[in-house]
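Worksheet for the structure shown next.
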Amino acid sequence: MSKIRMNTEYRNKLYNKIKDVFEKEETQERQGFLEARENFENKQTTAFELARQVVERSYPKEDVATLRAFKKKYGDPCDVVAKDKCFYFAHQEDVNDEGEKEETKSHFDFGLYGNLNGRESYACSGDDSQHFAHAYYREELKEKGLNPDIIAQQSGKDDNPHKTKHIDANNKFLGKGSSYYSNDNGTGITSKFDDQFQLDVIGTSHCRSRAIACTKAEYEQFEQWRMAKANVVSKHQTWIDSISKQTEQLKIGLKAYRYLSEGIELATELGIELDEAELVRTNSTGLTIYNPSNLASMIKGMKNKNQTREDKIKARLQYEKQSVN
């Protein structure tokens, strides 16, 4: 039999199958990412319990209950208690060169899309916060046919329609809210994540901008938690970079091959078993079209120009049923 010539469809099939194997391989980079994500989860629980102690020390439960009672009695003028997941912590245990106390402060946002740099407002909408959310729920996004690695893949590149399209699709699935502030209107997965980390805070502005006092040791624990969150992004970037380097070479090789057998040989050399016959039998949607019965049925349907719309639908359904079987 003559060799089967390579074409765009075969290249895409080979590329996607081999890339899928690359992503599932137990490499150091992948393990580093998974460990960073697990470490963050542990740090998140510990840091939030500490945050609860610090917040309730500044805003005792009995004061919160009293203010809520006043709101119920007097209405909006006493509306000063709200749930929040972003806390403005500060300590004054450092001193400058003159021996004077200095205040160290930062925002610590426990939300899924919470920023990683300690700033409020627009910082919450940056690539890092979205990168974390996509990496944290990577498996769920992949199951929906989305691309959770898009920000890592586009690292160092300017914003473009391709990147924006995938980011928007990821955020929509996760339920990211539209607000830049900590208490935004997230839904679905985002809301479920954020709701775990809400505390009663007294104040009247976003992130309750009045600093909440903590000790230097407590502040350092919050910083360690935020570093663990940033490390998820860093390790995910490292892993995806390693895959991207491999797939770039894969693209070059597949583009140069003239025959499908060369692509199959490449996969074999990489330790990946692929069935050439299966690649040939299926089209881009996975339907078997080269089975003689299926192909004959499809061709006959094309020849009958006088079919009614109902007949065409019936023929197509019959073809698809045969393809599945």
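The values are calculated or read from the model by the stated rules, or taken from the named source; none is laboratory data. What you see is a predicted model, and the numbers here were worked out from it, not measured in a lab. Don't worry about glycine lacking a Cβ; one is built from the backbone with ideal geometry, like all the others, and counts go over all protein chains shown.
For the stretch 115-148, filtering for residues that are at pLDDT below 90 and farther than 24 Å from residue 42 by Cα leaves 6.
Selection of first residues in the stretch 242-264 that are within 21 Å of residue 27 (Cβ to Cβ) and of second residues that are outside any strand (DSSP E or B) and among the hydroxyl-bearing types (Ser, Thr, Tyr), restricted to Cβ pairs under 7 Å at least 6 apart or on distinct chains, gives the following pairs, ordered by first then second residue: 242/27; 250/15; 251/15.
Taking the conditions exactly as written (in the same structural domain as residue 238 (by TED's automatic domain parsing) and in contact (Cβ under 8 Å) with a residue 40 or more places away in the chain), does residue 95 satisfy them or not? When the stated conditions are applied, residue 95 does not pass them. Within the stretch 137-156, which residues are more than 8 Å from the chain's Cα centre (by Cα) and part of a helix (DSSP H, G or I)? Selection gives 139, 140, 142, 143, 150, 151, 152, 153. When restricted to residues that are charged (D, E, K, R), in contact with a strand residue (DSSP E or B) (Cβ under 9 Å, 6 or more places away or on another chain) and surrounded by 14 or more Cβ atoms within 10 Å (Cβ to Cβ), the stretch 1-35 contains 1.
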